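> Got a structure here, written out as structure tokens. Questions coming.
Since every read-out is calculated from the coordinates, none of them should be taken as a lab result. These numbers come from a predicted model, not from an experiment. Every residue, glycine among them, receives a Cβ derived from its backbone with ideal geometry; neighbour counts consider all protein chains shown.
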Amino acid sequence: MNICILSRNGELYSTRRLREASEARGHETHVVDHLKCTMNITSHKPSVHYKGTKLEGFDALIPRIGASTTFYGTAVVRQFEMMDVFCLNESVAISRSRDKLRSFQLLSKKGIGLPITGFAHSPTDSDDLIKMVGGAPLIVKLLESTQGKGVVLAETDNAARSLIEAFRGLDAYFLVQEYISEAKGCDLRCFVIGDKVVASMLRQGKEGEFRSNLHRGGKGHAIKITPEERITAVRACQIMGLNVGGVDILRSNHGAVVLEVNSSPGLEGIENISGVDVAGKIIEFIEKNSERISNKTRGKG
């Protein structure tokens, strides 16, 4: 097979592992920076050009689209879909998962457990918004936040009002969520491929930090997740339309609740901690499914 990996940096751990796993299984593999792609949007003959060369002959596409390049990156993925290339994650699914409000609305509609979440525009609704999620402590989260950035803990109602006013002053859209104190700074990262959780880990935030992201000093531990958590993670990806995703789950007093569904989850932490060859499993999934070129994102929304 001829596989294209869309990535800004071929030396990133995740990109490098995917290339190594692909080549180890005998596939020709190319890493392409999506921001350096040019698209020819022509009826019946759509094409993508890279560094002056027309990209042709790809059997499958692996998008590694960062949050800051979502708009252009998904446009490139969509162009490959128009060219009937099998895309591991489709453009609509990536866009859904990146829009936190949209993703929570879709998950809520399908009955997936979520933290109590509020969203408002008018500055006169701040007190109602705070009350809606049970009061402080609570989380204020930018819609486009990623890797823990733009996520703030407000420990008092006054602090929450100040944060909400500050974000509104920046003309930023944000969510307000209940703080799951019983999680004690821990969450689960479940790595889903197809209809299976292939690897999982528990992430513990460093002392005094409510965010458990590994790059913020959090520690990861191998863990066996429950059947409920496994089903929740798989369903969350399916609702987004993702073939591959990282689902972050909190263990709350009312069961598993989803914090986020990531369309380009990193491989380094999950592979090192779980000992699972996740990159190899992704390539294996492509081998089994690349001839099924539907490029019609599952579900609606």
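> By the scheme Lys and Arg +1, Asp and Glu -1, what is the net charge of all other residues having a beta-carbon under 13 Å from that of PHE58? List each step's numbers first, then the result.
Numbers: positive: LYS54; negative: GLU28, GLU56, ASP59, GLU81, ASP84.
Summing Lys and Arg as +1 and Asp and Glu as -1 gives -4.
> Just list whichever of LYS224/LYS288; LYS36/LYS149; LYS36/LYS100; LYS100/LYS141 have alpha carbons separated by over 18 Å in the model shown. Please report the intermediate quantities before stating the final value.
On the way: LYS224/LYS288 27 Å; LYS36/LYS149 26 Å; LYS36/LYS100 27 Å; LYS100/LYS141 9 Å.
Flagged as over cut-off: LYS224/LYS288; LYS36/LYS149; LYS36/LYS100.
> Sticking with this one: Filter the trypsin sites (Lys or Arg not before Pro) in the stretch 1-97 to those in DSSP coil with at most 16 other Cβ atoms within 10 Å of their Cβ, and list the result.
Working: sites: ARG8, ARG16, ARG17, ARG19, ARG25, LYS36, LYS51, LYS54, ARG64, ARG78, ARG96; in loops: ARG8, ARG25, LYS51, ARG64.
For trypsin sites (Lys or Arg not before Pro) across the stretch 1-97 that sit outside H, G, I, E and B with at most 16 neighbouring Cβ atoms in 10 Å, the list reads ARG25, LYS51.
> Lys and Arg at +1, Asp and Glu at -1: add these up for the other residues within a Cβ distance under 13 Å of ALA222 and post the number.
Numbers: positive: ARG189, ARG203, LYS219, LYS224; negative: GLU271.
Net local charge, ALA222 excluded: +3.
> Here is a follow-up. Divide the volume of the convex hull of the Cα atoms of the chain by its number of residues and quote the answer in cubic angstrom per residue. Don't skip to the end; give the middle numbers.
Details: hull volume 41.3 nm³, N = 301.
Spread over its residues, the Cα hull of the chain gives 137 Å³ apiece.
> Right, another one. Would you calculate the volume per residue, in Å³, of the smallest convex hull containing every Cα atom of the stretch 117-179? Can you show the working numbers first?
Working: hull volume 4.3 nm³, N = 63.
Looking at the stretch 117-179, the number lands at 69 Å³ per residue.
> Something else: What is the pair-distance distribution P(r) of the stretch 182-289, computed from all Cα-Cα distances in 10 Å bins starting at 0, with each bin given as a whole percent?
16, 49, 30, 5, 0
> Which of PRO63, PRO137, PRO46 moves most in a GNM of the chain, Cα contacts under 10 Å?
PRO46
> Next question. Run a plain Debye calculation on the stretch 32-99 (Cα atoms as equal point scatterers, no solvent) and give log10 I(q)/I(0) at q = 0.14 Å⁻¹, rounded to two decimals, same order as the q list.
Values, matching the q order: -0.37.
> Could you work out the longest stretch of the chain that avoids the GluC sites (Glu not before Pro) located in DSSP loops with at most 16 other Cβ atoms within 10 Å?
On the way: sites that count: GLU11, GLU56, GLU144, GLU155, GLU207, GLU209, GLU291.
The reported range is 57-143.
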